[in-house]
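Colleague: Sharing a structure, written as C-alpha cells. Questions coming.
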Amino acid sequence: MTRLAARASAIAFTLLVIGLPCSVVPAVAQCCLGAQNSVTHSSDGRFRVEAISLTGTGHGNHGPYKFRFRTLRIAPNGEAEEIGVFERAWDTDNHFNMAVCVSPTGNGFALSSSLENPILFFAPNGTVLAKLEEHKPSIKCPCKNNTPIVLTVSGRTQFGPRLTKLWLPLFHVTGPETEWGLGEQPTIKDNVEFKTVPPEEIRWLVRMLKWRPDLGGRKADRVNELIEQSDEAGLIDLGLSALQLVEAKLATQEQASLRRVQQEIVRRLCGHQDAWRNFDLLVALREHPNSNLRECAKEQLRALLPDGEPTADWVQQNRQHLKWDAKLNVYRR
C-alpha cells in the first residue's frame, strides 16, 4: 500500500469513528465502506430514525441499495414506540452517501443523498411532504443536542456555491443566501436560487394556527360549495376548515383536483396534524426566524396552556403532565 493510500484509509476510518457519537454515518465513510446502517436522533432526543440496509453492509455492498427507515418516539424513561416505517431503494451501484436529519416535532425527517437531486422530507410512513431541489442541495445533520432546528443547506448554483438555512419542522428555507468561503461571508440580498417561503404562505399559516373547530363548522356549507365548483384555490385558502371534508370526499371517490388540494394543505403544514393545537409544533415555532410566526405561537400557547409563561423551561418541566381537553380546547394538568 502506498503512503498516500494508507493515509486516505486512515482518514476514512477516523471519519467513521468521529461520526458514530453524532449518530450519523458520514458521507466519506459510506462511500469508502459501502452501505452502512445509521441511527439518528432529533436534537432533543425525543425522536429517532433508524436507517437499516436490507442488502447488507460493508465494503462489498455497493448497490443496488435498499434501506428500511424506522421512526420511533422516545419516552422520558427511554422506551421506544414505533410511529412509522417504510422502505426505499436505489437501483444503482454508484458510491452512496446520505444524511438523515430528524424533526424535533415528530412529523418526519429530511433525507439528503448522493443518488437523488432533491432533499426530501418524509413523513414517518414514507409520504414525501416537501422537497428542496435547487442545484443539488445537501444538508449536514448536527450532533445530538446541537443546533436544534436550523440546518445549513449547501448547493452549487449558477451564481457559484451558496449556503442558506433550513428550518426543519416546517421545511422552510429561511435564508439569506451566502457565498461559501472562509471568514466573514458576504450576504446576497435576495435568495435568487433557494426560494424562501412566500409571505402569503406565512400569513396562511398564522391563520391556521389561530383556527378552531367551531370555525370549521361555520364554513362547512362554503366548503361543500367549493368542492362542487372544483375551486382548488378557494379550498386551499380555507385550509383546515376544508381539509376534513375534502378527505372525506376522497375516501369515497378519487378526484384529481381534491387530491391536489389535500396535498397542498399538507405540504404547507409539513404533515403536522391539528396544527392549531399541536403542542410540539407550537413550542418549536417559538424559535422560527419569522417574528409573526414566533408571536403567533406564543399567543397560542398562552391560550391553550394552564396559567404560566410558555418559556422553554416551563414547557420542559410541565409537558409530561399536560393532557388535551377536547371540550374546552385547552391543555390541562
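Colleague: Picking from LEU281, LEU226, which residue would you name as being in a helix (DSSP H, G or I) and closer than 23 Å to SER42 by Cβ?
Modeller: On the way: LEU226 fails: closer than 23 Å to SER42 by Cβ.
Within the list LEU281, LEU226, the selection yields LEU281.
Colleague: Next up: Consider PRO310 against the criteria (1) more than 26 Å from ILE227 (Cβ to Cβ); (2) part of a helix (DSSP H, G or I); (3) in contact with a helix residue (DSSP H, G or I) (Cβ under 7 Å, 6 or more places away or on another chain): it satisfies all of them except one. Which criterion is unmet?
Modeller: In the conditions (1) more than 26 Å from ILE227 (Cβ to Cβ); (2) part of a helix (DSSP H, G or I); (3) in contact with a helix residue (DSSP H, G or I) (Cβ under 7 Å, 6 or more places away or on another chain), PRO310 misses (2) alone.
Colleague: Checking the structure you have, find out if any residue of segment 153-169 is part of a strand (DSSP E or B), more than 30 Å from ASN61 (Cα to Cα), at pLDDT 85 or above and of a type in the set (Lys, Arg).
Modeller: Checking segment 153-169: at least one residue is part of a strand (DSSP E or B), more than 30 Å from ASN61 (Cα to Cα), at pLDDT 85 or above and of a type in the set (Lys, Arg).
Colleague: OK, next. Among the candidates VAL102, VAL128, single out the residue that is under 12 Å from the mean Cα position of the chain (by Cα) and free of Cβ contacts under 8 Å to residues at least 12 places away in the same chain.
Modeller: VAL128
Colleague: If you scan segment 229-265, which residues turn out to be of a type in the set (Ser, Thr, Tyr) and part of a helix (DSSP H, G or I)?
Modeller: SER241, THR252, SER257
Colleague: Let me ask something else. Yes or no: GLU287 of a type in the set (D, E, K, R), within 16 Å of MET208 (Cβ to Cβ) and not assigned by TED's automatic domain parsing to the domain that holds LEU120?
Modeller: Against the criterion (of a type in the set (D, E, K, R), within 16 Å of MET208 (Cβ to Cβ) and not assigned by TED's automatic domain parsing to the domain that holds LEU120), GLU287 does not qualify.
Colleague: So, one more: Checking PRO64 against (1) surrounded by fewer than 16 Cβ atoms within 10 Å (Cβ to Cβ); (2) within 27 Å of ILE265 (Cα to Cα), which test does it fail?
Modeller: Against the list (1) surrounded by fewer than 16 Cβ atoms within 10 Å (Cβ to Cβ); (2) within 27 Å of ILE265 (Cα to Cα), PRO64 comes up short only on (2).
Colleague: Among the candidates LEU305, LEU238, LEU250, LEU281, single out the residue that is among the aliphatic types (A, V, I, L, M), crowded, with 18+ Cβ neighbours inside 10 Å and either touching a Leu at 6+ places or on another chain (Cβ under 6 Å) or within 24 Å of LEU168 (Cα to Cα) (or both).
Modeller: LEU281
Colleague: Further question on the same structure: Considering ARG294, ARG268, which residue is in a helix (DSSP H, G or I), among the charged types (D, E, K, R), within 22 Å of VAL173 (Cα to Cα) and touching a Gly at 6+ places or on another chain (Cβ under 8 Å)?
Modeller: Sole residue among the options that is in a helix (DSSP H, G or I), among the charged types (D, E, K, R), within 22 Å of VAL173 (Cα to Cα) and touching a Gly at 6+ places or on another chain (Cβ under 8 Å): ARG268.
Colleague: Give the residue that is surrounded by the most Cβ atoms within 10 Å (Cβ to Cβ), with candidates limited to residues of segment 92-141 that are polar (S, T, N, Q) and farther than 26 Å from LEU281 by Cα.
Modeller: SER113
Colleague: Six or more apart or on different chains, Cβ under 8 Å: which pairs go from a residue in segment 35-58 that's assigned by TED's automatic domain parsing to the domain that holds ILE74 and more than 19 Å from VAL85 (Cα to Cα) to one that's of a type in the set (D, E, K, R) and buried (at least 16 other Cβ atoms within 10 Å of the Cβ)? Could you list them?
Modeller: What qualifies is SER43/LYS144.
Colleague: Same structure, new question: Just to be sure before I move on: is ASP214 out of contact with any helix residue (DSSP H, G or I) (no Cβ under 6 Å at 6 or more places or on another chain), farther than 27 Å from HIS172 by Cβ, modelled with pLDDT of 95 or more and exposed (fewer than 13 other Cβ atoms within 10 Å of the Cβ) in the structure I sent?
Modeller: No; evaluated as a whole, the condition is false for this residue.
Colleague: Please state which one of VAL223, VAL173 is surrounded by 16 or more Cβ atoms within 10 Å (Cβ to Cβ), β-branched (Val, Ile, Thr), touching a helix residue (DSSP H, G or I) at 6+ places or on another chain (Cβ under 8 Å) and within 29 Å of GLU299 (Cβ to Cβ).
Modeller: VAL223
The values are calculated or read from the model by the stated rules, or taken from the named source; none is laboratory data. Note that this is a predicted model, so its numbers are computed, not measured. Every residue, glycine as well, gets a Cβ built from its backbone with ideal geometry; the counts of neighbours run over all protein chains shown.
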